[in-house]
Structures are given as structure tokens and as C-alpha cells.
Amino acid sequence: MAVDAALLRELGSVLGPGLLSTPEACVAYECDALTAHRHPPDLVALPTSVEQVQQIVRACRRHSVPVVARGSGTGLSGGALPVAGGLLLVLSRLAAILEVDPRRGLARVQPGVTNLAVSEAAAPYGMYYAPDPSSQVACSVGGNVAENSGGVHCLKYGLTVHNVLAVKLVTMEGELLTLGSETGEAPGLNLLAAVIGSEGLLGVVVEVTVRLLPIPRRVELLLAAFDDVGRCAEAVGQVIAAGIIPAGLEMMDAPAIRAAEAFAGCGYPLDAQALLLCEIDGLPADVDDELGRTRVVLEATGAASVRVARDAEERSRMWSGRKSAFPAVGRLAPDYYCMDGTIPRRHLADVLAQIATLSTAYRLDVANVFHAGDGNLHPLILFDAGKDGELERAERFGADILEACVAAGGTVTGEHGVGVEKLGPMCSQFGSAELAAFHALKLAFDPAGLLNPGKAVPTLARCADYGALRVHGGRLPHSHLPRF
Amino acid sequence: MALIEAPAGQDLTDALAERVRAASQAKTPLRIVGGDTKRFYGRPVAGETLALAGHHGVLRYDPAELVITARAGTLLADIEALLARHGQRLPFEPPSFGQMATLGGTVAAGLAGPARVARGPVRDYVLGARLLTGDGRVLSFGGEVMKNVAGYDVSRLLAGSLGILGALLEVSLKVLPVARGSRTLRRRIDAQDAIDLLGAAAQRGVPLTGSFWSAGELHVRLEGSGSGLDEVVPTIGGDLLDESAAASLWHSVREQTHPYFASARPLWRLSLPATTAGAALLRADRVAFEWHGAQAWLSGIERQTIDLITRTAGGHATLFRRDDAAVSVTGEVFAPLPAPLLDLHRAVKRVFDPAGILNPGRMYADL
């Protein structure tokens, strides 16, 4: 698609070499981590200042050119997929840590700073930034804000929305707004809450103030093995019902355990059907106390074995299996497709059983490794894109899992975002009135509809098609499966 | 564990929606009322009453899920009692300011009590909401799960929105277990030293879940699973209060029945950065603060002085309680917004309340 010459001149004078417009240079940005969807951008802007971002956005606004913001490109739902005729606004060069202040308990960073870099900068003061998505080495704080990213410690420490105090936002009109404040409070509506997780549709985040927390004085990790997936799922609810809020509560099923053990040699029991990793942190005496109570609960729920990591070294080895589970599972098949539904914890056992039934029906293997404490499932569907029809089958399998999550009172995405990937399933979760309100809210921020158009919220027309596709003769696919 | 049975309550959704649709067509302003306990907060609203109190009842509560869903008119006291029976609580410790306070009013007012300093604001615990918009649409946002990034997070946007976007019909909140142990300490200390002490302790991970300073006296609450607390008590120092004295102290702070608040009119609330709070508070005589200095109360002081303080210290001020003698207020009670941000507020208001009939002027004169 031809780029307007006047726009090209204008952007060139703002950005100089920070503007890419040749296909060879732009192709590197054709996708994010959802690589099944690719579209080479026509223009890539790499601004180095907030003023440049404003100038770029204003120029695009004048020329009615869509703008897609991108951080590190680690997103799993295609949120940073370029759009036809649009400009890709890459914020990776806005990567300065502007301030770390332990006394005020905050860090102020530019959007391109990586998640882990914030914790590294805070570490000398005994503090850290709590959200820890698995891509934290690479993913950017700006991207975390766009996706409301989570991680393994959300149950106790929350998502990005709980750990961001303020953002500076450039609107599509080029205005620079401050939402929130360093105390986390600001007069007026709580617009910061609407912006976090808005997938780049409401504005471009150019600065983020995050809350820092003191590094816990003591951390212990407990591994419980179960010979039944259902019992393991029950145990999750029992721990929480006992008044214990673990820092992390992660579950893996047998395929995930075996893959992780083969990959990382992390000491997992290979005969287990499921395991729980339960991290407890806090004051030393409190940790001892909670560890004891957790062990009692787990044993009472029928854990085959419960052990506590002896030292930091064993703890990190036990975590390594969980943290490398995705690449480990990735070795089991040429491709895998990661889902992200969240359900009320009481339905964990049932939905896991449904996923197993679907796995048989679709003739595709699945491994489960997920944030059980949050009810946030990550079924990894194994397939071979090289085999005829397998990708389509995997996608249908995935959509059915998300339908099951919605039917169980959950959501189609817990932390990965909708992007382009889950536009269809969004139609199951929301009615047309809510979707219309979402579109109207976007237009309140971006009246011309130029920011990341077509992402995150499906059009009503698309939902009509999606319904037609999925409902045959008034029956959902697999209507023999119990839905609740 | 399973869902807890609760009395059925009463569903007035249809009648309320009908009423709002009619008002929208007639352009009749509505004043949304739950228990009418926070009428003092925000600007006065002239309008017919839209009463939510009859729309009540706990819909779902499963302690193992850490989530409660109830209709907006459910009494806050009933919800707190139900949670307490299962060893849980609303983590943000909201003030009720009266026995008739409702869940909807609590979320719409967005006010949090002493525990806010450790556990965050109301917004952080809102998981989902059902909203009756200004043109009578009934919309559901969010849900009952801990992690949910499908669609814009409208339910959190509604926390503290003072009813200007719609009337809350139902709210789902995350709840937490009550801490197993709690200690409250009291010591004499001046304001700046208190702020420094609290800041340093918080930075080192001492589990402070409340602080209140008034008239040279600091109260600090620590909470944990129990045995660990005794190790950290000496880092604060002072005298240990017994359980009932501690409970009544924190209740009086949360509900503003503490002697400091008795004749504090007009009462200003300042939200202040930690590093400037101490100096800012030296400028006023009648001062109290919570949240390690981040929330300060000032009374008997002119608006000009308040403006001077926030200009130099940062943060912002709210005219929290007006002088009882002044029936109406001419100026704003919340800090003014920059023009582009106010424009955005207007645009967002139009999305949910196109006719501008819901709580008009409650937050800002022309919003």
C-alpha cells in the first residue's frame, strides 16, 4: 500500500533514521509472539522522545493513518500486529529508567524498559516490581500496561493494574495526559483503570510510574504431588479456603510434568498425575506458620507427597521446571497453541476434564501448566502446522476451551489479551450492548478510531458471523458435552 | 467449600431501568441514592431520587473463591457480617458513615479506610459490575474471576465514579481472609518523625496495615499470620493496645468518629506524596493523617492555604466535608482537571449517560 508522500516527508523530518519505510527494514516487525498472524508494516517509527511520539501521532491523525503501538513484541494475542496502511509505533527506544525512589516506593520508567530491568534497578534498595510475566526478560513495561500483564504471583500481589500508580498517555489527538499520580490517587474518574489492559486502543503510554515492593524477607516453596488431577484441583480451593494466600500457586498435569522434567531436570515426580507448586513469603515466623498449615491442608486433600525445597538452590530448580514448561512442552510437537481462559477455581476439575474429553475428540494432545490460584488456565494444544488441517483443528479446539471457560462463568483471556486472536470468543463472553459500549468508549478517547483499529473488541458484524459459524441448528458444537 | 446460601433479596432491575428510561426521555435529573450516608461527599445534586436500597441481596459468595457478588442496595454491614462469619473481609476497609450504607454507594464513592495503605483502594478489588446507564441500558462488565483482560476494565472505572456514569446494580468484589494476628501500637511522636518512621518501616517490609497520627500521637497497626508480628513490633515501638481498644480506635478513624473529626469543619482531605507530606502539614494547625502521610486531614483552614500547600507539596485536595452551615457549595470540591482531561471526562460520561441525567454536578459542576 502506497504511503502518502507528504506524511513520509513530515515523519522523516521528525524521526530522521528513526523512520523505516522499506519492505526489507519493516519486515522484522511483521508480527508479535502470535506468529500465526503476520502483516509487514508499511511504516515503522522508532521515536526517542515523548515529543516525537506526539508529533508522529498528530501527523498520522492529520493524514488519517492508523497507529499501532508496539513494545518488545512479546505479546501472545497479536495486539501489536501491524494493520494495513498503518504506522507501527515501536517504543523500544524510549527505554530510560527515569527514577527509582525507595522512600516513595516507586519507579518512573519509559515504556520500552523491560519488566525485569525495573526489578533489577530496584534490587539495590531491597525492592522489586511484582508483576512477573513469563517473558519478563524481554517484555516491556509499556506492553505490560497495554495487556494488564500478570505472572505467577498475581494471587497475592495482583496484576499490572494493581501495581501501576500513574501513566502518561499520548492521545490520538496528540495531547499528553497524566492519569493517576504517585500516590495512586487522582481527582476525577478512574481512567487509569480503563487504560490499563486497553491493548493500545485508547492512547499511547509514554511513561509509567510503578509501585515497588520490599523483597519478602523469607520465601519457601512447597511441591505437592497428586495421583489424580481432580484432587489436585480440589486442593487449590482448600488451601485458599483455609485462609492462606500463597505468593504463587501453580499447577501442572502429567504431560507438562514429564516435559518439564525432561527439559530442565528439576526433580519433579514422574509418576504424578498432577503437581502443585506453592510459594509462601513474608515474615520468617509467619512463613513457618503458613508452611505448616499449607502442608496439613495438602495432605488432608490427598497429596501423595509434599516436600519443601531445602534451600534457595533447590527452590530455584523446582521453579525452573515451571518456568521452562512452555518451551519444554514445545519439544513434544512441532507447534503448540497456548490458551488463556480464567474460571472460578471451583470449576477447575470439571473444566480440566472437559479439556481432556475435547483432546480425544479433536485427536490433539494437550498439556496443562497454569496459574491455579487465579483459576487462570494455560492449556497448550500440541499440533503440527505442517499437517493438513491441524492448525484449524487446534484453533477450533482452543475456541471450544474458551467456550467452556465462559460457560463456567469465566473469561476468554486472563492475561494474554484479546488482540486479533480472541475476537471470536469475545462474542461469546459479551452481548452486543456491552460490545457497543466498548466501541463507544474507544471513540471517547480516539474519535477518529485510528489507534490499533480492529483489535481487542469485535465488531457486531463479526460476532454475527461467529455465531453463524459456531451454532448449527441451534446447537453448540459438542453439545453432548456437559456445559455449566 | 461451596456457595453460601443467603436470603434471596429483591431484584428491581426492570423497574429501575424503566424509571431511568423515562427520566432520560424527559431529561429529568436523577440523584442516585443507596443509604444516603455519603450525601455530604461531592457536590450537591438537584434531582429526583433514584432509590437503590430496595435492590438488594447477596447473589453469590463462595469463600474458597475469595469473591462476593451482591446487588447494589445490599447493606455494607450485612456484607461485612457475612464475610466475617467465614473469616473474610473487604480488604480496603471502607467507611460506612452510617448503618444504612450500601455496597453500591461504597463502590461508587470509592472511599477506603486505614488498610488502604497496605492493601490498596476499592478499585483494586472490583472484579465485575452490572450497570444501569443513563439511558436505561443494563450492561455487565468484568466478572467473578481474579484475572480477566477481556474488554476494557469498565468495572474498575466505576469505582469512585460517584454515579455519574450509571447506577450500579451489582458488584463483584475480591475479598481476603482476616489476618490471624494484629497488633496496635501507640506512641508520642511529631508528624515528620512519624512519617519518616512509617516510611522506613514500610520500605523494609514491616506489615503495616494502618497508621493514624493526630495531636502528637501515632497509632500503628501491624497484621500478619501471628507469631511473626512480635519480631517486628519493636521496629515501631510504643505501647501495645489491647484488642478492644485497638478495634475501637481503628473504627473511629475509619468512620471519622475519632475526636479529631468532631468539630473539623470544613474538613479537607489531602492526598500527598510521601516525601513532602511532613513539610506540608507544618503549615496547618488542625491536622491528622493516615496512610503514612499519604492521606492528610486538615480543618479550619482557608481554600487559599490548601491551594498553596498542594502547589508546593504536590498531590491534590478535596473539600471532604463542608461547613454544616453552608447548604450549597458554589465552587468545586474536587481538585480541578486540566482542560484536555476534563474534555475526556465529558466524552466518557456521554458514552454511559448521553442525556446527562445521572448525578449531574456531583463530581464537577458541568459533568
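The values are calculated or read from the model by the stated rules, or taken from the named source; none is laboratory data. Bear in mind the structure is a predicted one, so any value in this text is a computation, not a measurement. Positions of Cβ are generated from backbone atoms using ideal geometry, with glycine treated the same way; all protein chains shown enter the neighbour counts.
A compact table of results
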{"quantity": "Residue selected from the stretch A:350-375 under the condition touching a Lys or Arg at 6+ places or on another chain (Cβ under 8 Å) and surrounded by fewer than 24 Cβ atoms within 10 Å (Cβ to Cβ), by the criterion farthest from the other protein chains (Cβ to nearest Cβ)", "calculated": "A:ARG363"}
{"quantity": "Check on B:LEU131, buried (at least 22 other Cβ atoms within 10 Å of the Cβ) and either at the interface with chain A (Cβ under 8 Å from one of its Cβ atoms) or closer than 22 Å to A:THR411 by Cβ (or both)", "calculated": "yes"}
{"quantity": "Residue satisfying condition, being in the same structural domain as A:LEU20 (by TED's automatic domain parsing) and either assigned to a loop (DSSP other than H, G, I, E, B) or touching a strand residue (DSSP E or B) at 6+ places or on another chain (Cβ under 7 Å) (or both), within set A:GLY85, A:GLY150", "calculated": "A:GLY85"}
{"quantity": "Sole residue being modelled with pLDDT of 95 or more, in the same structural domain as B:LEU197 (by TED's automatic domain parsing) and not in a strand (DSSP E or B), chosen from B:HIS345, B:HIS292", "calculated": "B:HIS292"}
{"quantity": "Total residues in the stretch A:60-73, condition crowded, with 24+ Cβ neighbours inside 10 Å and among the β-branched types (Val, Ile, Thr)", "calculated": "2"}
{"quantity": "Pair list, Cβ under 7 Å, 6 or more apart: the stretch A:126-149 residue without any contact (Cβ under 8 Å) to a residue 60 or more places away in the chain, other residue hydrophobic (A, V, I, L, M, F, W, C) and buried (at least 21 other Cβ atoms within 10 Å of the Cβ)", "calculated": "A:PRO131/A:LEU159; A:ASP132/A:VAL152"}
{"quantity": "Single residue of B:GLY160, B:GLY136, B:GLY120 found to be modelled with pLDDT of 95 or more, surrounded by fewer than 22 Cβ atoms within 10 Å (Cβ to Cβ) and within 8 Å of chain A (Cβ to nearest Cβ)", "calculated": "B:GLY120"}
{"quantity": "Of all residues making up the stretch B:221-235, the number that are more than 7 Å from chain A (Cβ to nearest Cβ) and assigned to a strand (DSSP E or B)", "calculated": "3"}
{"quantity": "Residue in the stretch A:283-298 that is more than 25 Å from A:GLN429 (Cα to Cα), away from chain B (no Cβ under 14 Å) and at pLDDT below 95 present", "calculated": "no"}
{"quantity": "Filtered residue count, the stretch B:60-79, keeping only those that are surrounded by fewer than 19 Cβ atoms within 10 Å (Cβ to Cβ) and either aromatic (Phe, Trp, Tyr) or touching a Ser or Thr at 6+ places or on another chain (Cβ under 9 Å) (or both)", "calculated": "2"}
{"quantity": "Residues that are under 22 Å from B:ASP14 (Cβ atoms) and within 20 Å of the chain's Cα centre (by Cα), drawn from the stretch B:57-74", "calculated": "B:THR69, B:ALA70, B:ARG71, B:ALA72, B:GLY73, B:THR74"}
{"quantity": "Candidate set from the stretch B:196-205 (those that are facing chain A (nearest Cβ under 10 Å) and within 24 Å of the chain's Cα centre (by Cα)); member that is farthest from B:ALA118 (Cα to Cα)", "calculated": "B:GLY199"}
{"quantity": "Residue count for the stretch A:102-139, restricted to those that are in contact with a Lys or Arg (Cβ under 9 Å, 6 or more places away or on another chain) and either in a strand (DSSP E or B) or outside the structural domain of A:VAL161 (by TED's automatic domain parsing) (or both)", "calculated": "2"}
{"quantity": "Enumeration of residues in the stretch B:182-209 that are without any contact (Cβ under 8 Å) to a residue 24 or more places away in the chain and closer than 21 Å to B:THR276 by Cα", "calculated": "B:ASP193, B:ALA200, B:GLN203"}
{"quantity": "Breaking point among (1) modelled with pLDDT of 95 or more; (2) hydrophobic (A, V, I, L, M, F, W, C); (3) out of contact with any Gly (no Cβ under 7 Å at 6 or more places or on another chain), for A:ALA328", "calculated": "(1)"}
{"quantity": "Out of B:THR257, B:THR209, sole residue that is touching a strand residue (DSSP E or B) at 6+ places or on another chain (Cβ under 7 Å), modelled with pLDDT of 95 or more and of a type outside the set (Asp, Glu)", "calculated": "B:THR209"}
{"quantity": "Cβ-Cβ under 6 Å pairs, at least 6 apart or on other chains, the stretch B:135-160 side in contact (Cβ under 8 Å) with a residue 24 or more places away in the chain, far side of a type in the set (Phe, Trp, Tyr)", "calculated": "B:VAL154/B:PHE141; B:SER155/B:PHE141"}
{"quantity": "Subset of the stretch A:3-34 [in a loop (DSSP other than H, G, I, E, B) and out of contact with any Gly (no Cβ under 7 Å at 6 or more places or on another chain)]", "calculated": "A:VAL3, A:ASP4, A:SER21, A:THR22, A:GLU30, A:CYS31"}
{"quantity": "Evaluation of A:LEU352 against (1) within 25 Å of the chain's Cα centre (by Cα); (2) more than 25 Å from B:ALA150 (Cα to Cα) (one fails), failing number", "calculated": "(2)"}
{"quantity": "Leading residue by the ranking (farthest from A:LEU249 (Cα to Cα)) among those in the stretch A:309-345 that are of a type in the set (Gly, Ala, Ser) and assigned to a helix (DSSP H, G or I)", "calculated": "A:GLY330"}
{"quantity": "Selection within the stretch B:259-289 - surrounded by 18 or more Cβ atoms within 10 Å (Cβ to Cβ), over 23 Å from B:LEU197 (Cα atoms) and not aliphatic (A, V, I, L, M)", "calculated": "B:PHE261, B:PRO266, B:TRP268"}
{"quantity": "Spans of strands (runs of 3 or more DSSP E) in the stretch B:1-94 with at least 3 residues out of contact with any Gly (no Cβ under 6 Å at 6 or more places or on another chain) and either of a type outside the set (Asp, Glu) or within 14 Å of chain A (Cβ to nearest Cβ) (or both)", "calculated": "B:48-51, B:58-62, B:67-71"}
{"quantity": "Residue selected from the stretch B:304-320 under the condition of a type in the set (Val, Ile, Thr) and within 20 Å of B:TYR364 (Cα to Cα), by the criterion surrounded by the most Cβ atoms within 10 Å (Cβ to Cβ)", "calculated": "B:ILE306"}
{"quantity": "Residue that is within 22 Å of the chain's Cα centre (by Cα) and over 30 Å from B:ARG85 (Cβ atoms), where the choices are A:VAL170, A:VAL219, A:VAL205, A:VAL236", "calculated": "A:VAL205"}
{"quantity": "Residue that is surrounded by the fewest Cβ atoms within 10 Å (Cβ to Cβ) [pool: residues in the stretch A:444-466 that are within 23 Å of the chain's Cα centre (by Cα) and free of Cβ contacts under 8 Å to residues at least 40 places away in the same chain]", "calculated": "A:THR459"}
{"quantity": "Test for A:LEU189: is it aliphatic (A, V, I, L, M), more than 24 Å from the chain's Cα centre (by Cα) and more than 30 Å from A:ILE244 (Cβ to Cβ)", "calculated": "yes"}
{"quantity": "Residues satisfying the stated conditions in the stretch A:389-437, i.e. more than 8 Å from chain B (Cβ to nearest Cβ), outside any helix (DSSP H, G or I) and farther than 21 Å from A:ALA80 by Cα", "calculated": "A:GLY389, A:ALA408"}
